[in-house]
Amino acid sequence: MKKYFALIFCSLLIAHSSLLSQDIFISKGRIEFEKKVNVYNALDDIYKENNGGFDIISAVKKQLPEWNTTYFNLFFDNDKTIYKPGREVTQVTKGPDWFRDPAQNNIVFCNLQTQQSISQKSVFESTFLINDSLRKAHWKITNDFRDIAGFNCRKATTIIMDSVFVVAFYTDQITTSGGPESFNSLPGMILGLAIPRLHTTWFATKVEATDPLPTDFAPPAKGKKATNADLITKVQSSFKDAW
């Protein structure tokens, strides 16, 4: 009889352990992203592109911290996401108006079912409202993995705008196919993103499996109506005028 009860007890322990080892899949919640821009490397790029101005660049560096760090929240609920500014940081990069991060106040709403996005983006003194289709990225999935915010994430790479290399790390434990800004279309949520040419990274610091409020997904509504092409032209023009 003792052997019988011992066998039942062991079977229950094995079953409990099996349940604990099963993957938990998340379809709604909030992710905090830490966005970091290497300011010094970005300034060096400006120096190289303009073939001069080393003294000016060196002087500007002395007034700025090496890294510009901001935080964003990504709320997700199955087939919709919204990316918006999060908590403030104690140290904010201050510098010339022409060098402020044009994406620090971005709000991006994505409907993954309809493949549409509504974005509110600022370029210095102007705010634009962009209603467009989601970016079509052709990802190459690799066998490299990395732990981010407690999730095992797989590496993928793609090229955007013909020549800009992008590295992403995604987890299929979060079933929504989204990510920071308007990056998406991987088989899971992007928790890490790097664009080397822009010296910029986004990495999740925490994931909360909570039910977002309906108001969290209110699409942005302020700004001049424009297309993505209009925005790119405006950014390029602003940097040329500033220099």
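The values are calculated or read from the model by the stated rules, or taken from the named source; none is laboratory data. Not measured: the values here are computed from a predicted model. Using ideal geometry, Cβ is built from the backbone for each residue, glycine included, and neighbour counts are taken over all protein chains shown. Areas reflect the complete protein model, heavy atoms only, side chains present, ligands, DNA and RNA absent. Shrake-Rupley method; radii C 1.70, N 1.55, O 1.52, S 1.80 Å.
Quick one: which of 80/225; 36/61; 61/206; 62/225; 28/225 span more than 28 angstrom between C-alpha atoms? Mind dumping the intermediate values first?
Details: 80/225 22 Å; 36/61 16 Å; 61/206 31 Å; 62/225 38 Å; 28/225 30 Å.
The answer is 61/206; 62/225; 28/225.
Could you tally the net charge around residue 28, taking each other residue with its Cβ under 14 Å from the Cβ of residue 28, Lys/Arg +1 and Asp/Glu -1? So the surrounding residues net to -3.
Please list 188-194, 40-46, 118-124 highest first by mean number of surrounding beta-carbon atoms within 10 Å per residue. Before the final figure, lay out each step's value.
Details: 188-194: 24.0, 40-46: 15.7, 118-124: 19.1.
Result, highest mean Cβ count within 10 Å first: 188-194, 118-124, 40-46.
With the full set of protein chains in place, find how many percent of the accessible area of the range 104-174 is carbon and sulfur; take the probe as 1.4 Å. Walk me through the numbers before you get to the answer.
Details: 1660 of 3730 Å².
C and S fraction of accessible area: 45 percent.
Charge tally for residue 113 (other residues, Cβ to Cβ under 13 Å; Lys, Arg +1; Asp, Glu -1): -1.
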